[in-house]
Amino acid sequence: MARSMHVRRPATLASLAAELGVSRTTVSNAYNRPDQLSPELRRRVLETARRLGYPGPDPVARSLRTRKAGAVGLLLTENLSYAFRDPAALGFLEGLALACEGAGQGLHLVPVNPEREDVAAVHRAGVDGFVVYSVPDDDPHLAAVLSRPVPTVVADQPHVEGVDRVGIDDRAAITVLADRLIALGHRRVGVVCMRLARDRNDGFATVERAHNAHFHVQRARLAGLEDSFSAVGVDWKRVPVVERFDHSVASGASAAAQLLDADPEVTALICTSDILALGALTEARRRGLRVPQDLTVTGFDGITDADRVGLTTVRQPVLEKGRAAGKLLLASVDPTRPRQITLDTELVLGSTAAPPRTAEERWFGP
């Protein structure tokens, strides 16, 4: 004869309230608004809930009632690992997390593949607002974010009319660096830059491509370099610019190799990020080039590894940028008045920049 099985049904908010002889609101307050109950009553509710196996209020049901998810969404148009691998992104993420912690909010990462156009992750994200971190102006995920009726803050790029933004003045920041190299005497320069658009281009970038770049941070940095060097008579159309889609030390090394193979007489490599510059330094060592005697190398960002190797670079406050973006999103403001926060940068004079070698000096290399 089959034995009947009696499975104990889990307690519900209603059954717990009935067991205690209190209202369902009282039980709910024990979890969500503990200041509304006496310590003794809250203790009794929680102890009874544990005894009956009540798991607590359903967070999904609560969000449906309140229409609040209790979390900030970070749109990152990179694979998820990028947020924990790239030092600048990691610093930004830490700052944003600190802002969320201070406001008692969660942080929901919404990473998407930069070579796909599936925006489902954006529409599925249960968040109360978005921080968009450094995406191109034609990115479909950005359009999906802006279609949702929640507040949005853009960090770095792009500039969107009517949307709050936190960033730096990239053009002005790199102009200070360019002017330093010009004062040292550099006129034969090359540039290694991050991706300029969503299409993959691992090679030389034309002036037209740079001028029309959908990543406006890179566009601004290249424009600042063009302004400064053109002002001292350099024909910018003849300056080699090598673009890399992937942002890695290996990409910086391969880009530097491609540029130096094409123009071995350059005296300075200007990289639009420290990560790329670290790769350029690796390639310079591989070729037996002395930095800075044979080749000047500069970066942009001011990450820890750049400090460690004494890289001449532009330091930007990435952690403060993340914190400012979070605070801007979470603050109660007039939604009709978009705000822009521009943070300061600093030129770091490291040991990787010096006057160019003279014509009499031997070029050291293979």
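The values are calculated or read from the model by the stated rules, or taken from the named source; none is laboratory data. It should be emphasised that the depicted structure is a prediction, and the values quoted were computed from it without experimental measurement. In this analysis, Cβ positions are derived from the backbone assuming ideal geometry, glycine residues included, and neighbour counts consider all displayed protein chains. Heads up: the accessible areas ignore ligands, DNA and RNA and are worked out on the full protein's heavy atoms, side chains in. Shrake-Rupley method; radii C 1.70, N 1.55, O 1.52, S 1.80 Å.
With an 8 Å Cα cut-off and a minimum separation of 6 or more residues, compute the relative contact order for the range 269-310 in percent.
On the way: 40 pairs, mean separation 21.8, N = 42.
Answer for the range 269-310 is 52 percent.
For ALA268, list long-range residues whose amide hydrogen, built 1.01 Å from N in the peptide plane, is under 5 Å from its own amide hydrogen.
HN-HN under 5 Å from ALA268: GLY190, THR296.
Quick query: amide H of PHE204 versus all other amide H atoms, modeled in the peptide plane; which residues come in under 5 Å with a sequence gap of 5 or more or a different chain?
GLU243
Can you figure out the FRET efficiency of ARG33 with GLU115, using R₀ = 56 Å and their beta-carbon distance, to the nearest 0.05?
0.75
Say R0 is 25 Å: what FRET efficiency, to the nearest 0.05, do LEU184 and HIS159 get from their beta-carbon distance?
Here the calculated transfer efficiency is 0.15.
Just want to confirm a number: the relative contact order over the range 210-341, from Cα pairs under 8 angstrom separated by 6+ residues, in percent.
With pairs under 8 Å counted, the relative contact order is 16 percent.
How do the peptides 163-173, 312-322 rank, highest first, by the average count of neighbouring beta carbon atoms within 10 Å per residue?
312-322, 163-173
How much of the DSSP bridge set in the chain is antiparallel, in percent, rounded to the nearest 5? Write out the running numbers ahead of the final one.
Details: 5 of 38 bridges.
Counting only bridges with both partners in the chain, antiparallel ones make up about 15 percent.
For the range 76-182, run through the GluC sites (Glu not before Pro) and keep only the ones in DSSP coil with at most 12 other Cβ atoms within 10 Å of their Cβ.
GLU115, GLU117, GLU161
Which of these values of Cα extents along the principal axes in Å was calculated from the structure shown: [x] 74, 47, 41; [y] 97, 57, 37; [z] 63, 45, 42?
It is the value labelled [y].
Output wanted: per-residue J couplings in Hz (rounded whole) for the range 171-185, from phi through Karplus 6.51 cos²θ - 1.76 cosθ + 1.60, θ = phi - 60°, x for Gly and Pro.
5, 5, 5, 6, 5, 4, 5, 4, 4, 5, 5, 5, 5, 6, x
From the phi angles alone, apply the Karplus equation (6.51, -1.76, 1.60; θ = phi - 60°) to the range 262-269 and give each ³J(HN,Hα) in whole Hz, x where the residue is Gly or Pro.
Calculated HN-Hα couplings, in order: 6, 9, x, 8, 5, 9, 8, 9 Hz.
For the range 244-292, report the accessible area per residue in Å² (1.4 Å probe, heavy atoms, rounded to an integer).
Heavy-atom accessible area per residue stands at 32 Å².
Return the sequence-ordered ³J(HN,Hα) values of the range 223-232 in whole Hz as given by the Karplus equation 6.51 cos²θ - 1.76 cosθ + 1.60 applied to θ = phi - 60°, using x for Gly and Pro.
5, x, 5, 4, 4, 5, 6, 5, 5, 10
About its Cα centre, how strong a charge dipole does the range 230-298 have in debye, to the nearest 20, once Lys and Arg get +1 and Asp and Glu get -1 at the Cβ?
Using Cβ point charges on Lys, Arg, Asp and Glu, the range 230-298 gives about 120 debye.
If you take every residue apart from ARG116 with its C-beta less than 14 Å away from the C-beta of ARG116, what net charge results, scoring Lys and Arg +1 and Asp and Glu -1?
-4
Counting other C-beta atoms within 10 Å, and keeping those with at most 12, which DSSP coil GluC sites (Glu not before Pro) do you find in the range 204-312? Walk me through the intermediate numbers first.
Working: sites: GLU208, GLU226, GLU243, GLU265, GLU283; in loops: GLU265.
Loop-located and lightly packed - GLU265.
Could you list which residues have their amide H under 5 Å from that of LEU109, counting only those 5 or more apart in sequence or on another chain, with H placed in the peptide plane?
The list, which skips near neighbours in sequence, is LEU74.
Note the full-extension length gain between SER81 and LYS237 as 0.36 nm times their separation in residues minus their Cα-Cα distance, in nm to one decimal.
Here the answer is 52.5 nm.
Considering the dipole of the range 219-280 built from charges on the beta carbon (Lys and Arg +1, Asp and Glu -1) around the Cα centre, which of ILE270, ALA250, ALA220 is farthest to its positive end?
In the range 219-280, that residue is ALA220.
Between PHE204 and ARG308, what length comes free when the chain is fully extended (0.36 nm per residue of separation minus the Cα-Cα distance, one decimal in nm)? Please list the in-between numbers first.
Numbers: separation 104, 0.36 × 104 = 37.44 nm, distance 2.97 nm.
So the extension gain works out to 34.5 nm.
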